[in-house]
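Just so it is clear, none of the values below were taken in a lab; they were calculated from the coordinates. These numbers were taken from a predicted model, which means no experiment stands behind them. Every residue, glycine among them, receives a Cβ derived from its backbone with ideal geometry; neighbour counts consider all protein chains shown.
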Amino acid sequence: MIDSRSFPRNGDKANSTFFEDYLGRLLAERDASGLTDLIREVEAVMLTVDPGRSAKYIGELCLMTPYHYLVTLESETHFTHVLRVDMDSPDLLVREVKDPNIRGIFRSLNEVYPIGARKPNSRYMGEILRVTNLHEVTAAQSERGFRFFSADEVRRLELPGNLAVSKPSPYTHNIVAYMERPGEQRRVYALGISSIRDDIQAVYEEAKALQGRLGLAGLILPVDHLATRVYSQNREVAILEWLSLSSYYYWGSYDIRDQNSSTNVTKSVHFQHEARSPAKVFTANNTPYFVNHLDGLPSPTENFVRNYGPRLHHIAVGVRDGDQDGVENIEYVVRRIEEQGTKFLLDVIGSKEQGLKQIFSSASEHSSLIIEYVQRFGDFDGFFARDNVAELTQAAGAEEELLDMQSSTRAAAPPSGGLH
């Protein structure tokens, strides 16, 4: 039996006694119950975009990542586009709302946040995890207090009918879904009418042709990690909740004092390589927003959550180790993509001596998500260097402050044609 507590701990962030006590107890109970063995890798990640956004976003993703357009599943009020690398990496499910006026639980998670409300249907939804016995997993998790949408609710939400879907987390606003699939079988999503949409196929083919001409094919790897931002007071419970729902272990946390935040990493107990099942990262302020002014502390992470809500901040994809005629692969990839008009928040940071290099793109106008590129050198297995993550956090915070100012200006502007 796997011992989820046996993995080495990394980092320097001090956790509470509550966290350390329940971490050990939850993992031990999860292992003993058989859940750790029943719950396997991340099968897919799900996100939703506003009407008319999916074609351009898929073109963007197919240029910047190794994903390929597979099929579109059409239901009454949504298109669900399936992107895939292979069966050894998670799919991306890009849902597009047909009607901008449609309302529902996922839209409501955006509407109370000033920037999130500007794209009311665009948000990251959560992960689908493969399980070997769906009934056993959902029964065990229900006994532990987790709540799931009923089969009828899943149907009305137009999510695949072969999923068991949790209610959104109060800490991350994400859902977790389980899908039973023997490892040797192909992934199939029981939803709607399947077709190849001409407009999506066209932007996909254009993106892949461009990727080939730029010499990027084979250099960009599948999803490496998924980074969620939460309120400071929810850091520990968000991690414990995810560990309870998944078969991941606590890799460790680093205190990034320069940015008044911490980065907290969890990894799969079953698969060492992130391309097989991406790491889940949680970032949170060290202190809540309302006390930061007392000590002049920065608050980029908390500001993001207050503007967008707790949600995924970025999807990181790997870059193959190596170089192109003396130019490290990540520098080459970023340079060629930047030439196509994609903006990045800073220069590539890190070094071979530190073990990795990484960079953030600007947030996508279609999904509000950032793409991170990360190249590890040799056998380095970490996720960041301390100076790197401080610079990345600061750069992302600067862009988000600009969006916040634009949002505030827009809200304060008098209506066109009003009284003068």
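Using the number of other C-beta atoms within 10 angstrom as an exposure proxy, rank 79, 148, 18, 383 with the fewest first.
18, 148, 79, 383
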(message) Can you compute 3J(HN,Hα) from phi for each residue in segment 87-101, using the Karplus curve 6.51 cos²θ - 1.76 cosθ + 1.60 with θ = phi - 60°, rounded to whole Hz and x for Gly and Pro?
(response) 7, 9, 9, x, 6, 10, 9, 9, 8, 10, 6, 6, 10, x, 8
(request) Taking amide H positions as placed in the peptide plane 1.01 Å from N, state which residues far from residue 77 in sequence (5 or more) or on other chains have amide H under 5 Å from it. (result) none
(request) Show the residues, 5+ positions off or on another chain, whose built amide H is closer than 5 Å to the amide H of residue 344. (result) 362
(request) State to the nearest 20 debye the size of the charge dipole of the chain about its Cα centre, where the only charges are +1 on K and R beta carbons and -1 on D and E beta carbons. (result) 840 debye
(message) Please list, in order along segment 65-80, the HN-Hα scalar couplings obtained from phi with the Karplus expression 6.51 cos²θ - 1.76 cosθ + 1.60 (θ = phi - 60°), rounded to whole Hz, x for Gly and Pro.
(response) 9, x, 6, 10, 6, 9, 6, 10, 9, 9, 10, 4, 10, 9, 9, 10
(request) Scan around residue 126 for amide H atoms under 5 Å from its own, H built in the peptide plane at 1.01 Å from N, and keep only partners 5 or more places away or cross-chain. (result) 46, 175
(message) Once you keep just the Cα pairs under 8 angstrom separated by 6 or more residues, what percentage relative contact order results for the chain?
(response) 18 percent
(request) Using only the Cα atoms of the chain, build the gyration tensor, take square roots of its eigenvalues as a ≥ b ≥ c, and label the shape rounded, prolate or oblate: rounded if a/c is under 1.5, else prolate if a/b is larger than b/c, else oblate. (result) rounded
(message) With just the Cα atoms defining each centre, how far is segment 17-32 from segment 309-324? Give it in Å.
(response) 30 Å
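Once a ≥ b ≥ c are taken as the square roots of the eigenvalues of the Cα gyration tensor of segment 1-89, is the result rounded (a/c under 1.5), prolate (a/b larger than b/c) or oblate (a/b not larger than b/c)?
Working: a/c = 2.60, a/b = 2.25, b/c = 1.15.
Note, shape of segment 1-89 comes out prolate.
So, by mean Cβ neighbours within 10 angstrom, what's the order for 336-345, 181-190 with the highest one leading? Don't skip to the end; give the middle numbers.
Working: 336-345: 14.5, 181-190: 11.8.
Averaged packing, sorted descending, gives the order 336-345, 181-190.
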(message) Under 10 Å, Cα contacts only: if you run a Gaussian network model on the chain, which one of 198, 88, 321 comes out with the highest mean-square fluctuation?
(response) 198
(request) Check every DSSP H run in the chain and write down those whose alpha carbon atoms cover 18 angstrom or more along the long axis and whose mean Kyte-Doolittle hydropathy is -0.5 or greater. (result) 17-33
(request) Calculate the length of the line joining the C-alpha centroid of segment 94-139 to that of segment 220-287, in whole Å. (result) 20 Å
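Could you tell me whether segment 140-216 comes out rounded, prolate or oblate from its Cα gyration tensor? Rule is a ≥ b ≥ c as square roots of the eigenvalues, rounded for a/c under 1.5, then prolate if a/b exceeds b/c, otherwise oblate.
On the way: a/c = 2.34, a/b = 2.07, b/c = 1.13.
Prolate is the answer for segment 140-216, as a/c is 1.5 or above and a/b outweighs b/c.
Filter 119/267; 167/280; 56/343; 280/357 down to the pairs with a C-alpha to C-alpha distance above 25 Å, please. Mind showing how you got there, number by number?
Numbers: 119/267 31 Å; 167/280 19 Å; 56/343 16 Å; 280/357 19 Å.
Distance filter (> 25 Å) returns 119/267.
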(message) I'd like to know which of 129, 35, 48 lies farthest towards the positive end of the charge dipole of segment 35-212, counting +1 on Cβ of Lys and Arg and -1 on Cβ of Asp and Glu.
(response) 48
